[in-house]
Amino acid sequence: MPELPEVETVVRGLRPALEGKRIARVEARRPDLRFPLPYRFVDRLTGRTVIEVVRRAKYILIRLDNSETWLAHLGMSGRFTVSPGATATSGQAGHNSCWDLPAKHDHVIVEMSDGGQVVFNDTRRFGYMDLIPPGGEAESPHLRSIGPEPLSQDFNPDYLAGVLRGKKTPIKVALLDQKVVAGIGNIYACEALWRAGLSPRRSAYTVAGQRAVRLVDAVQSVLAEAIEAGGSSLRDYVQTDGELGYFQHNWAVYGREGEFCLKYGDTDEESCRVRRIVQSGRSTFYCPQRQR
């Protein structure tokens with residue numbers, strides 16, 4: 001499932017295609033994704049102007065001129081692709097190929113006032129969309145229980161130590177709890193714990209003081225670097241222009257079971273090899289030598 005860096009990359013790709021432009025036409029090629037599309041979905045989007053596109057956790061929020069918010073979640077395999085409109089540079093002008101000949105899993109197709117197109121494709125249909133009424137974002141069931149953004153000032157060592165106080169769950173599991181911190185998934189939890197030198201088995205309540213400082217710094221640095229790299233392309237994820245992200249080439253531990261930890265390089269010590277365990281049904285990768 002795309003995590004925060006991948007969703008942030010998609011949001012940045014959608015902004016120039018959507019912001020300040022009117023939605024000229026919408027085609028919903030099926031009535032549902034993971035859940036049914038909102039009531040009068042096509043009618044409520046058509047003719048609206050997009051004010052801004054932002055991310056909250058793993059959600060894409062497209063705010064409209066009537067104060068409604070079009071919410072989208074990519075799920076496991078959802079992707080937005082953009083075809084530039086008439087304002088694009090020479091040789092990249094909008095075209096109707098996506099509109100006239102949609103691919104098999106193109107479920108929602110949006111044509112903008114400048115001729116550009118935005119297509120939502122989802123092979124597995126685990127993604128979903130909603131329309132939030134004016135003033136309803138804070139109380140939306142999708143958003144109301146989510147913790148602070150990890151790249152914001154609200155996510156700091158004092159906050160982290162406080163929210164983890166008394167939690168006996170493993171720290172890796174706690175990082176995946178969206179009520180603790182927004183948008184962190186399995187890949188970046190593993191990578192952040194490696195950078196912080198903390199075992200994924202460690203009880204969450206023990207992460208305080210300098211451990212909390214190290215972990216906050218590690219979370220923020222790994223997410224910032226992943227965003228800069230366009231995210232990690234694993235299976236279905238691509239950017240809005242169809243390009244792959246490349247942060248997967250920088251993984252220190254994730255998916256590297258049996259390989260030597262990047263910190264130690266080639267060595268004869270078996271304790272420096274990356275190990276995999278299962279926590280709450282998810283694979284966790286870590287270095288037992290570096291992470292304590």
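Any read-out appearing in this document is the output of simple, stated calculations on the displayed coordinates, not a laboratory observation. Everything numeric in this text was worked out from a predicted model, so none of it was measured. Glycine also receives a Cβ, built like all others from the backbone with ideal geometry; neighbour counts cover every protein chain displayed.
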Checklist outcome for this item: So, with points 7 Å from each Cα along the Cβ direction, the M76-V54 label distance in nm works out to 3.2
Checklist entry - How big is the gap, in Å, between the Cα center of segment 48-67 and the Cα center of segment 162-211? => result 30
Item to check | Within-11-Å neighbourhood charge of Q279 [Cβ basis; K, R +1; D, E -1] | outcome: +4
Next on the checklist: Please compute the Kirkwood hydrodynamic radius over the chain, one decimal place, Å, based on all pairs of different Cα atoms.
Outcome noted: 20.3
Checklist entry - Can you pull out the trypsin sites (Lys or Arg not before Pro) in segment 1-82 that DSSP calls coil and that have at most 13 other Cβ atoms within 10 Å? => result R29, R40
Next on the checklist: Take L262 and D32, extend 7 Å from each Cα along the Cα→Cβ direction, and tell me the distance between the two endpoints in nm.
Outcome noted: 4.2
Next on the checklist: Given a 10 angstrom Cα cut-off, can you work out which residue in A174, A196, A28 is the most mobile in a GNM of the chain?
Outcome noted: A28
Item to check | Exposed GluC sites (Glu not before Pro) absent - longest run of the chain, DSSP non-H/G/I/E/B, at most 15 other C-beta within 10 Å | outcome: 20-138
Item to check | Positive minus negative residues near K104 (Lys, Arg vs Asp, Glu; Cβ under 13 Å) | outcome: +2
Next on the checklist: For K263, give me every one of the aspartates and glutamates with a C-alpha distance below 20 angstrom, ignoring sequence neighbours fewer than eight places off in its own chain.
Outcome noted: E191, D217, E225
